[in-house]
Every structure is written in C-alpha cells, then in structure tokens.
Amino acid sequence: MSPTTVQIVAASLFALALIHTFSTKFFEHLAHTRPAHAGVWHLLAEVEIVFGFWAMVLIVTMSFMVGKADAVEYLDTRNFTEPMFVFAIMVVAGSKPILQAASAAVQALVRVIPLAAPVAFFWTALAVVPLLGSFITEPAAMTLAALLMRDRIFSKVSMRLRYAALGVLFVNISIGGTLTPFAAPPVLMVAAKWNYDLMFMLTHIGWKAAIAVMINASALTFLFRKELTGLSYSSDSPYTGVPLPMIALHALFLLGIVVFSHHPAAFIAIFLLFMGIATAYPQHQERLILREGLLVGFFLAGLVVLGGMQQWWLQPALLSMDETQVYFGATALTAITDNAALTYLGSLVEGLSDEFKYALVTGAVTGGGLTIIANAPNPAGASILKGTFDEGAINPLGLLAGALAPTLVAIACFRAFPF
C-alpha cells in the first residue's frame, strides 16, 4: 500500500521530532551560552515538549492539506487514555503519603541487607522497586524510584554513575513490569486479545525479566560499590509525619487509578477526589508534581498523535521478519518509537504464531530503556532526574551508553529461555 501525502508528511515530522529529541542537550547548552534568548532555548530543550510540539505542527499542517474538519476528526479518533493515566498515576505516586510508605518499605529492606546502607539502598531502588511496577504499574514505580534516588544518589555521585544508574533504572522498569499483564504498556496493549493472563506472564516472561532485573542491579552495585560506600547516608526518611489513615487513603487512590486504568472517566474522577483531599489537608503534602506530570502527559499525547500516522511503514517492517528478526527488530524500533505502539500494531494482525507474539512483546520491553521515548514511564523518570545532570539535561548518548549493558543482559535472559 502506497502512503498518502499526509502520511509522508507525518513520517517526516516524526523524524524531525526524533532528531529534536536527541538534540535537547544542545538546546540546553544554547540556553546557558545565549542568555538573550534563553527562554526559547529552554523551551526547545524540554524533552517532554518535543513530541507535543511536533504533533501540533502536524495538526496545523493537516488543516491546510486536507481541511480543518478532517484534521480535527483525526485528532478526535486518537486514544489519549494512556497519557491521562500516566499523568494521574505520577501525581498520586509522587504524593508525600505514598512516598513515606515507599521510603519506609525500602528502609526496612535496607536494614536487613548485609551491606553498607547506601549500597543496600541503591540495590533495593534498582532491583525491588522496578519489580513493584508489576503491581502498581510502571509509571508509578518509575516515579517512586526516581524521587527516592534523586537526592540520595543522583545528586551526589559521579556523572558516570548517574548515566549508568539511569540506564539500569530505565531498562529494569521496562522489563520489571512484566510479572503481570496490566502494568507494562506494551503488554497491556495485547493482553486481552492474545490471552496473556497472570499465569502466562509469570511462567513465560516475568521470571526471566526478574532474573535480568536482579543481574542488572547487582552488577552495577558491585561495580560502583566503593563510590556508593563513601556516600553520606541517613536512614531518616525525608518523608515523615503523615498519619496511617491518610497513607491508607492515598494507597486506595493509587489502587483505584490502577484498577480503572482503562477507563479515564473513572480514574480521572478518583484523581480529582485525590486533589480535593490533598488541598484539604496541605499539612500532609509537599509540592505535588503537577508540572512534571502534565509535561509527561503532553509528551505521550504528542507521541499518540504522531505515532498514529506511522502504521504504514511500521507494520510491514514488523511483518517482514521471522521470530528472531522480530525480537531484535522490535528491540531496535522501540528506541525510536513507543514500545506500546509496536505491540499494538502487532495485535491488529491475525494469524501470528505464539513464537512471533512472544518475540514481539519481549523485544519491545527489552529495548524500553535505550532512549527517553522508548517506554511511557521514561519521560517521567527523566523529568524528575534531569536537574541532577549537567545543565539540567540528559544526554541521549549518555543514556544509550548506560542502558546498553543492561539491555544485553535482558536479551540474554529472554533468548536463553525461548518461548
């Protein structure tokens, strides 16, 4: 099938958005060296702005090419449930009561691990919290891990360790959500249609992912044990003073948003109730990460709009591969597209073998840490942690370098134990 002119334009804008994503470090540098127009450069350096900005360019361009009505109709047919869900779960997971409960649980584990406290904390944040994402969803796990590690780890360690830890965090979050069928976006896209229930995920994918998560966290902790041991560390949590009933209420908010993740009317209603409680009891809150959540939601919404026009080349590319090729092809394509988009396209095709489906899903989650756009939770982690990097921006090549080794570990685990 030959692409339409609009599809070719959309693919070109998608390519420009990718180039822009990998250029944010350059724009942030310009903001510091060209202060006369620092505001513009700072705006262009916000990675969360990129896809939303180019999606707006696409809709404006479509309005001139095919008319306003068709452009708006295309926009209306997009499904923005995932961006709304990620926004809601980020803000609730980043609230003080949830962070206090998470911090207490992490500290309890740190006390029983026979390692120096900062080393044990580092390992726990990279090994246990990502697996927790299988139950509270990957965006929530990313938010918790990033907020817990930002001040205790990322703001104190060498730049080399920051990028290595970021790469392991992104990869472990991407594969760590596969113990269940509802937590990882690329699995969620196909779970119902392909009958990927809880038992299937645990026995075919989840246990392999858990092994890779443990290896990645343990290897990085061992390699940087000397630097981590020298960190100043206090077992006192920065999140204290919230009474147990308020923590329990916020846990129910989090659970409700997870349970109704497919139903925006329901989880947005729960989120608005959460906002009401947060406003009524400000003494039990710190600053809610509304700005960060909105930026991430804008990023993902832009990806939905631009990605909806890429099916004409993505789907044939996937279907031209065998099971082995589709695994490595999905891993590579995930780096330049959202991994949920890949599995969604696969779910549209009838007659795929079980081996092909397995290769597509595992390949999609394997490559989820290579870039900021590869997995839906990545922009959330980047938004929280980018202030600890030089000039407040994450170098895409630094992230790629940090994620390469843990990605190879994930490949080894998934390929060593085939379907």
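Here are the numbers:
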| quantity | calculated |
| --- | --- |
| Flag if Ala278 is more than 22 Å from the chain's Cα centre (by Cα), assigned to a helix (DSSP H, G or I) and without any contact (Cβ under 8 Å) to a residue 40 or more places away in the chain | no |
| Of all residues in region 153-209 being in a helix (DSSP H, G or I) and hydroxyl-bearing (Ser, Thr, Tyr), the one that is surrounded by the most Cβ atoms within 10 Å (Cβ to Cβ) | Ser174 |
| Cross-chain or 6+ apart pairs with Cβ under 9 Å, region 12-29 first and modelled with pLDDT under 90 and outside any helix (DSSP H, G or I), then open to solvent by 40 Å² or more (accessible area, probe 1.4 Å) and not charged (D, E, K, R) | Phe22/Leu397; Ser23/Leu44 |
| Top-ranked residue of region 217-230 - restricted to ones that are open to solvent by 30 Å² or more (accessible area, probe 1.4 Å) and under 19 Å from Ala108 (Cα atoms), ranked as modelled with the lowest pLDDT | Thr229 |
| Residue tally, condition charged (D, E, K, R) and at pLDDT below 90, over region 364-406 | 2 |
| Single condition Thr371 does not satisfy, out of (1) among the hydroxyl-bearing types (Ser, Thr, Tyr); (2) free of Cβ contacts under 8 Å to residues at least 40 places away in the same chain; (3) in a loop (DSSP other than H, G, I, E, B) | (2) |
| Odd one out for Leu220 among (1) free of Cβ contacts under 8 Å to residues at least 60 places away in the same chain; (2) part of a helix (DSSP H, G or I) | (1) |
| Single residue of region 136-152 satisfying the filter (open to solvent by 10 Å² or more (accessible area, probe 1.4 Å) and of a type outside the set (A, V, I, L, M, F, W, C)) that is nearest to Leu294 (Cα to Cα) | Arg150 |
| Failed item in (1) part of a helix (DSSP H, G or I); (2) surrounded by fewer than 16 Cβ atoms within 10 Å (Cβ to Cβ), with Arg78 passing the rest | (1) |
| Region 314-365: number of residues that are charged (D, E, K, R), open to solvent by less than 50 Å² (accessible area, probe 1.4 Å) and assigned to a helix (DSSP H, G or I) | 1 |
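Okay, residues lined up against (1) over 25 Å from the mean Cα position of the chain (by Cα); (2) crowded, with 16+ Cβ neighbours inside 10 Å; (3) at negative phi:
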{"residue": "Gln7", "(1), (2), (3)": "yes, yes, yes"}
{"residue": "His20", "(1), (2), (3)": "no, yes, yes"}
{"residue": "Leu30", "(1), (2), (3)": "yes, yes, yes"}
{"residue": "Gly39", "(1), (2), (3)": "yes, no, yes"}
{"residue": "Glu48", "(1), (2), (3)": "no, yes, yes"}
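The values are calculated or read from the model by the stated rules, or taken from the named source; none is laboratory data. In this text, all values refer to a predicted model and were calculated from it rather than measured experimentally. All Cβ positions, even for glycine, are placed from backbone atoms using ideal geometry, and neighbour counts span all protein chains on display. For accessibility, only protein heavy atoms count, side chains too; no ligands or nucleic acids. Shrake-Rupley method; radii C 1.70, N 1.55, O 1.52, S 1.80 Å.
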